[in-house]
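Report on the structure given below.
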There are 2 protein chains.
Amino acid sequence: MTDATLSTVRNAARLLKAFLTREEELGVSELARRLDLGKSTVHRLLTTLTAEGLVQQDPRTGGYRLGIVMFELGEAVRGHMDLPAAAGSVLAHLREQTGESSQVGVADGDDVVYVDRTESSHSLRLFTEAGRRVPMYCTSSGKVLLAYRPEPQRRAFLDRVPLRPLTPHTITDPGRLLAELAAVRTRGWAEAVNEREIGVASLAAPIRDPAGSVVAAISVGAPITRYRSVPRRRMAQAVVEAGEAVSRRLGWAPESTPTKES
Amino acid sequence: MTDATLSTVRNAARLLKAFLTREEELGVSELARRLDLGKSTVHRLLTTLTAEGLVQQDPRTGGYRLGIVMFELGEAVRGHMDLPAAAGSVLAHLREQTGESSQVGVADGDDVVYVDRTESSHSLRLFTEAGRRVPMYCTSSGKVLLAYRPEPQRRAFLDRVPLRPLTPHTITDPGRLLAELAAVRTRGWAEAVNEREIGVASLAAPIRDPAGSVVAAISVGAPITRYRSVPRRRMAQAVVEAGEAVSRRLGWAPESTPTKES
DNA sequence: ATCGATCGTTCCGTATATCAGAACGGGCGC
DNA sequence: GCGCCCGTTCTGATATACGGAACGATCGAT
C-alpha cells in the first residue's frame, strides 16, 4: 500500500494531464512511454475515458485527444470564477492603453495559471493562452502573488521550490528574490525582464478580494524592445490602476488596503 | 467482468461529471448518494483527484469542487478548436445586429454543446453558458445539426433517442420532426419556439467546414416577446449570413455548397 | 446550553478488478 | 514486398479497490 490514493485513477489523471503540453493528439504507445505504463494499461485507460467522453479517438489516425466533456468541465470551473467576469473589460481597456497582451493569473500550488487574457494587436506579440501554467519565481504575476503571501508561506516556498535558471537572467538566489519581493510590496508592482524567456518583459500588479487579500495578479507582457520604449512609470501606473479596477469590481474598497502582506 | 472498462476510472469520471450540474461545491455524502457508491469509496476518489489537482477541497466547508487543472484541460481543448477563433467577431456582430444573445454549438453524441457565445445587452436576456449541453431535437441549433446529417444517422438518432416533451410544445412525433428537418434543409435555417423552455425562442443556421460539411450551428436566442417583434425574415437572414461568415473563416468557399445533407 | 443529525474521515477484511507481457493484424514507409 | 510500429486483444497471478462500521467535529433546532 503506497498511499491512500487510487493508483488507477492517478494514472488516468496523469494521462489526461499529458495533454497539457498542448499536443492535440497522442497515441497509445507514446503515452505508455511517457507515463511509464504498459501499452495495454494505457489502452484500457483510454477506452474507459473515451466511453465517458473525457477523451475522443480520432477514427482516422487511431490516436486520442481530449473530449468535449473535458471542455464542459473546464467551462464549469470558469463559470464559478469571479475573476473573468470582473477582469474582462479591464483587460480590454489595458490593451487599448498599452497596445500589449495582458493577462490575469491566479496562484495554484507553486505556479501561476492564467485565467483570462487579451492579446496585443501587434503582429509581434506575446502569445499567452488561458489555462497556461508558468512558474512563480520568474514571472511578474508570480512575483506579485508571492510577495503578498504571509511570510511563513513565502519562506516555505523558497525552501520547497528550486529556482531553476530558465534563462541566464533568472533569479536563482533565494536571498535576492526575497529582497525583490520586499521591493514589490513597497512599490506595489512587480517586473520580470528576460527571466523566464529571453526577449520577453512583463509588469504586474495585485488584485484584491473584499478582505484585501491578494488573490490574483494582472500583468502586461511585451517584447523587450517595445517594453523599453515606454516609460516604466507610465506602464506601472496603468497596470496598478487596472488591478485596482478589477479589485473594486470584486468588492474591494480602497481604504481597506492592508499595510503589507496577505 | 462487465466490460473492458476500468470501473474505478469510470467512477472517477462520473464523479467529475456530477459537477456539470453547475453546482459549485458537493460533499462526500451527497456524491455517494448520487453515484450510488460507498462514502469511503467516494472519499478515496476525491482524495486521489485532489492530489492530482482535478478537484479541490474547500478547507472551510469540507466540501469539494473542481480544481484549476480541470480549467487548464478545458482550455487545452478550446485551444485546438478552430470554431471560437473563427466565430468570435461574427458573434459580436450578430449581437450588434439583433441585440440578442447568440451562440455557436457543435454536436457531441446526441446533444449540442455550446462552445462560444455572446450575451445580449438587455436586462431580460437568455443566459447561455459556454460548455452548456442541450438536447438536439428541441433546439434550433440541434435541428440544424440534425438536418444536415446523412440520412442513416438521422434515422438512427430517431430510433435511439426518445423525444421527451420538455414543454407542451416539444415535438415528440418522429415523423413530424423529420418533416421539419426537411424544411430546415430547404430553407437553410431552423427555429425552435417554446420547445425546450417556455418563453424562449431561437433561430439557427449551419456552419460548414471547407468540405462543405455542417460541423456547427450559430444561433440567436431571445425571450419570445422580443423575438416576435422582429420580422422572422430579417432575423433569419442575419443568422444565415453570420453562419456563412464563420464558414468562410473556416476555409469554406460558397460555390462548394453541397446540394443537401452532410 | 444540549441533543441529534449529518458531515468528512479512518480502519479493515474480503473479493474482485487491475496489471504487464506476449501475441495478433493492419498500415505505412523504405 | 519487407520490416517496423501502430492500436488492439487475451490471459493468469497478484495487488488493489470496495463498502460497512466506527470516530470526532460541526451545525441547527429545541
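Which chymotrypsin sites (Phe, Trp or Tyr not before Pro) from region B:113-194 combine a DSSP loop assignment with at most 10 other Cβ atoms within 10 Å?
Here the sparse-neighbourhood loop sites are B:Phe127.
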Quiz item: HN-Hα J couplings of region B:6-23 from phi, Karplus 6.51/-1.76/1.60, θ = phi - 60°, integer Hz, Gly and Pro as x?
Solution: 7, 5, 5, 5, 4, 5, 4, 5, 4, 4, 4, 5, 4, 7, 6, 6, 6, 6
Self-check item: Cα-only Debye scattering, region B:197-248: base-10 log of I(q)/I(0) at q = 0.17, 0.28 Å⁻¹
Solution: -0.54, -0.99
Exercise. Just check region A:121-179 against the gyration tensor rule for me: Cα atoms, a ≥ b ≥ c as the square roots of the eigenvalues, rounded for a/c under 1.5, and otherwise prolate or oblate depending on whether a/b exceeds b/c.
Key: prolate
Quiz item: Quick one: which of B:Lys17/B:Lys39; A:Lys39/B:Lys39; A:Lys17/B:Lys143 span more than 28 angstrom between C-alpha atoms?
Solution: A:Lys39/B:Lys39; A:Lys17/B:Lys143
Exercise. In a Gaussian network model over chain B where Cα atoms closer than 10 Å are linked, find which of B:Leu73, B:Leu37, B:Leu203 has the largest mean-square fluctuation.
Key: B:Leu37
Exercise. Mind checking A:129-136 for the average number of partner chain beta-carbons within 10 Å of each residue's beta-carbon?
Key: 4
Quiz item: Between B:Met136 and residues 5 or more places away or on another chain, which pairs have amide H atoms under 5 Å apart, with H built 1.01 Å from N, and which residues are they?
Solution: B:Val112
Exercise. At a probe radius of 1.4 Å, figure out the A/B buried accessible area, summed over both chains, and give it in Å² to the nearest 100.
Key: 4300 Å²
Quiz prompt | q = 0.12, 0.13, 0.20 Å⁻¹, region B:7-73: log10 I(q)/I(0) [Debye, one scatterer per Cα] | solution = -0.25, -0.29, -0.73
Exercise. Report ³J(HN,Hα) in whole Hz for each residue of region B:135-149, in order, from the Karplus equation J = 6.51 cos²θ - 1.76 cosθ + 1.60 where θ = phi - 60°; Gly and Pro get x.
Key: x, 7, 7, 10, 10, 5, 4, x, 4, 4, 5, 6, 4, 9, 6
Quiz item: Convex hull over the Cα atoms of the protein assembly as shown, averaged projected area in nm²?
Solution: 27.3 nm²
Quiz item: For region B:7-73, what relative contact order do you get, as a whole percent, if you take Cα pairs closer than 8 Å and at least 6 residues apart?
Solution: 30 percent
Quiz item: If amide H atoms are built 1.01 Å from N in the plane of the peptide, which residues on other chains or at least 5 residues away come under 5 Å of the amide H of B:Leu66?
Solution: B:Gln56
Quiz prompt | Cβ-derived FRET efficiency at R0 30 Å, A:Arg248 paired with A:Asn194, nearest 0.05 | solution = 0.35
Practice problem: Lys and Arg at +1, Asp and Glu at -1: add these up for the other residues within a Cβ distance under 13 Å of B:Arg196 and post the number. | Solution: 0
Quiz prompt | Accessible area of B:His80 in the full protein assembly, 1.4 Å probe (Å², nearest 10) | solution = 60 Å²
Practice problem: Would you please give the FRET efficiency between B:Arg155 and B:Arg226, computed as 1/(1 + (r/R0)^6) with r the Cβ-Cβ distance and R0 = 41 Å, to the nearest 0.05? | Solution: 0.70
Quiz item: For region B:1-121, what Kirkwood radius comes out of the mean inverse Cα-Cα distance, in Å?
Solution: 16.9 Å
Practice problem: Could you please point out the chain B residue with its Cβ nearest to the axis of the rotation taking chain B onto chain A, and the distance in whole angstrom? | Solution: B:Gly74, 1
Self-check item: Gyration tensor (alpha-carbon) shape descriptor, region A:81-256, a/c threshold 1.5
Solution: oblate
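I need to check one value: relative contact order of chain A, counting alpha carbon pairs closer than 8 Å and at least 6 residues apart, in percent. Show your work: numbers first, answer last.
Values: 431 pairs, mean separation 38.5, N = 262.
The normalised contact order for chain A reaches 15 percent.
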Quiz item: Given H placed on each backbone N at 1.01 Å, which residues far from B:Ala216 in sequence or on other chains put an amide H within less than 5 Å of it?
Solution: B:Ile207
Quiz item: If you find the alpha carbon centre of region B:64-111 and of region A:11-71, how far apart are they in angstrom?
Solution: 23 Å
Quiz item: Whole-Hz Karplus ³J(HN,Hα) for region A:38-52, in order, using 6.51 cos²θ - 1.76 cosθ + 1.60 and θ = phi - 60°, x for Gly and Pro?
Solution: x, 4, 5, 4, 4, 4, 5, 4, 5, 4, 5, 5, 5, 4, 8
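The values are calculated or read from the model by the stated rules, or taken from the named source; none is laboratory data. These numbers come from a predicted model, not from an experiment. Don't worry about glycine lacking a Cβ; one is built from the backbone with ideal geometry, like all the others, and counts go over all protein chains shown. Please note that ligands, DNA and RNA were not included when accessible areas were found on the heavy atoms of the full protein model with its side chains. Shrake-Rupley method; radii C 1.70, N 1.55, O 1.52, S 1.80 Å.
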